[in-house]
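The values are calculated or read from the model by the stated rules, or taken from the named source; none is laboratory data. None of the values given here were measured: they were computed from a predicted structure. Note that we place each Cβ from the backbone using ideal geometry, even for glycine, and neighbour counts take in every protein chain shown. Areas reflect the complete protein model, heavy atoms only, side chains present, ligands, DNA and RNA absent. Shrake-Rupley method; radii C 1.70, N 1.55, O 1.52, S 1.80 Å.
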Amino acid sequence: MEVKVSDKYVITKDKYQFIVRELYTVADKSSEKYGEERSRPIGYYKTISCLVEFLIRQEVAESSCNNFKDLEKLIKSFGKKCEDAFIVTLENSK
């Protein structure tokens with residue numbers, strides 16, 4: 001299973017847990033992999049709800065929201081993005 005939630009995160013899983021992986025582009029010009037999109041694990045979760053909670057906290061921490069209304073919009077928007085990504089993945093696996 002691989003669920004791309006946004007341009008920053010992809011979710012994978014093994015038989016024990018869900019893994020949040022951060023996407024990045026190799027920036028080292030001397031590397032053979034220069035310019036490739038790669039991912040690195042940043043969190044391991046037993047449940048999807050804990051995983052989504054972590055992702056929303058990350059988005060909030062990185063945001064420039066300065067009032068509760070904007071914060072509410074951000075949380076709802078990112079929560080919807082997560083939901084849509086999982087729905088598409090489930091539909092494609094049928």
Return yes when V5 is of a type in the set (A, V, I, L, M, F, W, C), touching a residue at least 40 places away in the same chain (Cβ under 8 Å) and open to solvent by less than 100 Å² (accessible area, probe 1.4 Å) and no when it is not.
-> yes
Quick one: count up the residues across the range 1-39 that are closer than 21 Å to V52 by Cβ, of a type outside the set (D, E, K, R) and modelled with pLDDT under 90.
-> 4
Confirm whether F86 is of a type outside the set (G, A, S), open to solvent by less than 40 Å² (accessible area, probe 1.4 Å) and either assigned to a loop (DSSP other than H, G, I, E, B) or within 21 Å of D14 (Cα to Cα) (or both).
-> yes
Can you tell me which residue in the range 12-36 is surrounded by the most Cβ atoms within 10 Å (Cβ to Cβ), limited to those that are in a loop (DSSP other than H, G, I, E, B) and of a type in the set (F, W, Y)?
-> Y34
Would you point out the residue of the range 37-70, among those that are touching a helix residue (DSSP H, G or I) at 6+ places or on another chain (Cβ under 7 Å) and either of a type in the set (S, T, N, Q) or loosely packed, with under 14 Cβ neighbours inside 10 Å (or both), that is nearest to V3 (Cα to Cα)?
-> V60
